[in-house]
1. Name the long-range amide H neighbours of Ser120: under 5 Å, sequence gap of 5 or more, or other chain; modelled H, no Pro or chain starts.
2. List the aspartates and glutamates whose Cα lies under 17 Å from the Cα of Lys188, skipping any in the same chain that are fewer than 8 positions away.
3. Ignoring everything but the protein chains, give the 1.4 Å probe accessible area of Glu84 in square angstrom, nearest 10.
4. GNM, the chain, Cα, under 10 Å: largest mean-square fluctuation among Val224, Val91, Val129?
5. Report, as a whole number in µm² per second, the diffusion coefficient that Stokes-Einstein gives for segment 97-189 at 37 °C and 0.692 mPa s using the Kirkwood radius over alpha carbon pairs.
6. Can you give the accessible area per residue of the chain, in Å², using a 1.4 Å probe?
7. At a 1.4 Å probe, what is the % contribution of carbon and sulfur to the accessible area of the chain?
8. How high is the relative contact order of the chain? Use alpha-carbon pairs under 8 Å, at least six apart in sequence, and give a whole percent.
Amino acid sequence: MKLLVDSGSTKADWIAIDDNGKVLFTTQTLGLNPEVLDKTEIIHRLDEKFDISHNKNKATNLFFYGAGCGTDRMKNFLTKVFEEYFTHATVSVHEDTYAAVYATTPKAHQAIVCILGTGSNCSYFDGIVLHQKVQSLGYIAMDDCSGNRFGRHLLRGFSFNKMPKALAKEFQEEYNLDPDYIKNNLYKLPNPNAYLATFAKFLIKHKETDFCKKFIYSEMEDFVENYIKQFDNYKQIPVHFVGSIAFYLVDELKEVLTKHGITIGNVLRRPIDGLIAYHVMNK
């Protein structure tokens, strides 16, 4: 049994398949980002799901693609945790961009592949190897055009009384905006980046308002300048996207990319289904 996992900071999609690609079960855990979680919390999140804990000794391979796995230190840490938990499995840990590449990019094709979800990322795939010019410094310093960045903008806009009154009233009705509650989520509980990203749903819902539009377009411009334009050939090859932010703001994304002479390629909400085909073909 092979376990395929696509994990962001908010959630992780799991699919178990046999050697022929038949789906044995699917499930979802909370995100397993090693940058913000310790070993105890990761194991707790695995144990919470019966399908995972009940079948952990049946797994022969674990292919994990995750946010926060862009450095050798984090890959090695997570590999060790999984090897201790899935005792009979060969474990392979990759950063989440590889899942995005395998799901969006035909074999041997070149592309720039981006992730816009809870966090953000951008890489160049030359048809064989994935190239990154910048290593992420995490959600506080980077993550342009991500869910957590939009959440930060909304909280600041509300707290500084910059949000229009009608929008602020609805914002208050939808979220717990007690300062102590917010600070507890940001500074004491796991996954503060995922907590911030929960507010992005509100921004998407109200994307036609001037208040939300300014954040959407300014963040997209920053993402183009800081991420996509790292690569000199950004106008010559398609730029693919994976993630809920890209998926639900695809029209705005197309508008910004077209303005910069960039060709938008595939836009997927989740790459997990594409991983099945990839791993069956490369078994």
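The values are calculated or read from the model by the stated rules, or taken from the named source; none is laboratory data. Predicted model, so just to flag it, every value in this text is computed and none were measured. Neighbour counts run over all protein chains shown; Cβ positions are idealised from the backbone, glycine included. With ligands, DNA and RNA removed, areas are computed over all heavy atoms of the protein, side chains included. Shrake-Rupley method; radii C 1.70, N 1.55, O 1.52, S 1.80 Å.
1. Placed amide hydrogens put Asp143 under 5 Å from Ser120.
2. The qualifying aspartates and glutamates are Glu35, Asp38, Glu41, Asp178, Asp180.
3. Spelled out: Glu84, probe radius 1.4 Å, area about 90 Å².
4. Among Val224, Val91, Val129, the largest GNM mean-square fluctuation belongs to Val129.
5. This corresponds to a translational diffusion coefficient of 207 µm²/s.
6. 49
7. With neighbouring chains kept in place, the figure for the chain is 51 percent.
8. 19
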